[in-house]
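Inspection log for the structure reproduced underneath, given as structure tokens.
The values are calculated or read from the model by the stated rules, or taken from the named source; none is laboratory data. Everything quoted here is computed from the prediction, not taken from an experiment. Counting neighbours? That spans all protein chains shown, and the Cβs are built from the backbone with ideal geometry, glycine included. Ligands, DNA and RNA are stripped out before the accessible areas are found, and what is left, the full protein with its side chains, is counted by its heavy atoms. Shrake-Rupley method; radii C 1.70, N 1.55, O 1.52, S 1.80 Å.
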Amino acid sequence: MESANQLVSVGTFQVLKLPLGFIRVLEWLFAIFAFATCGGYSGQLRVSVDCQLDKASSNLSIGIDFAYPFRLHQVSFEAPLCDGRRRESLFLIGDYSSSAEFFVTIAVFAFLYSLMATVVYIFFQNKYRENNRGPLIDFIVTVVFAFMWLVSSSAWAQALSDVKVATDPDEVQELISACKVMTNKCGSVQGPRWSGLNTSVVFGFLNFVLWAGNIWFVFKETGWHKGGPARYAGAPPEKQAATFSQQQPYNQGSFDQSGGYSGQGDREQASEYSPVGEPTSYSNQM
Ligand SMILES: *[C@@H]1O[C@H](CO)[C@@H](O)[C@H](O)[C@H]1NC(C)=O
């Protein structure tokens, strides 16, 4: 227990230097970018309707605003009918809220989980290690989130390309009755900016890569790849822990209490986690 406390005081923020901890931090940062750029979006397009025979009723700058969650069929605007100041009320086409909301929901939950996981790694390492339950849950949740990031980012990427079509000023003109009359001139004044939403898709797929990559590092924490818990079946808990740390010295540096940080210096730690050191540990198990 003493060594455990030592680890907490010495190695508290060292955990963030491990791949698992470091990637968790990136995960919640990238999740913030993903849901902020998507959920905070609002855009505007502008079209012009120039009534040749009835100049007075022309409107050369009809602004149409839309925003997350992209229920475009609820976005209304007014366009002149080029017929004695009468106007028509129109709506954009399409509802992309399910994909957009799915994406933002996954991003928010991924943010909460990776933030919570970071806190657990730093302050509750012993609880995390207990009965191997922490790594096990962590592994399952990480796999699920990796999959969810892939699905939601793909769905959102598809929805975004549809939103781009539905809010293209050239497409919107086709909805306006006056533009179907040859004597009137319609034009696109300005299209929406897409940089924010493009960024959200990029961060969605980056998050997928991060979570998928982290599956391996969480998997290592479970110990399964070395024969795992099955090897210790029947042994009392203390003995398990002891055997575990003796037989797998390269596991110490993770969240174990056996002094990867506290006692044994940087040399051992470096060899455990340097890119050069890792492949040897894989070859051992083969
Ligand atoms: C043109 O349309 C905008 C709405 O986009 C409206 O605010 C403005 O008053 C209209 N202008 C004229 C001249 O009707």
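Tabulated data for the structure shown
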| item | result |
| --- | --- |
| Extension reserve of the Arg86-Phe22 stretch, reckoned as 0.36 nm per residue once the Cα distance is removed | 16.9 nm |
| Heavy atoms of Lys164 accessible to a 1.4 Å probe, total area in Å² rounded to 10 | 70 Å² |
| Rounded FRET efficiency, nearest 0.05, which uses the C-beta distance separating Leu112 from Lys226 and R0 of 45 Å | 0.90 |
| Carbon plus sulfur fraction of accessible area for the stretch 20-104, probe 1.4 Å, in percent | 55 percent |
| Extension gain, Asp95 back to Lys55 (0.36 nm per residue minus Cα-Cα distance, nm) | 10.9 nm |
| Lysines whose Cα lies under 26 Å from that of Lys17, excluding same-chain neighbours fewer than 8 positions away | Lys127, Lys220, Lys226 |
| Added length on full extension, which subtracts the Cα-Cα distance from 0.36 nm per residue, Gln44 to Phe219 | 58.4 nm |
| Estimated distance in nm for a label pair at Ser188 and Ile137, the labels positioned 7 Å out from Cα along Cα-to-Cβ | 5.0 nm |
| Residues with amide H under 5 Å from that of Val75, placed H, sequence gap 5 or more | Leu92 |
| Rounded accessible area per residue of the stretch 7-231, 1.4 Å, Å² | 48 Å² |
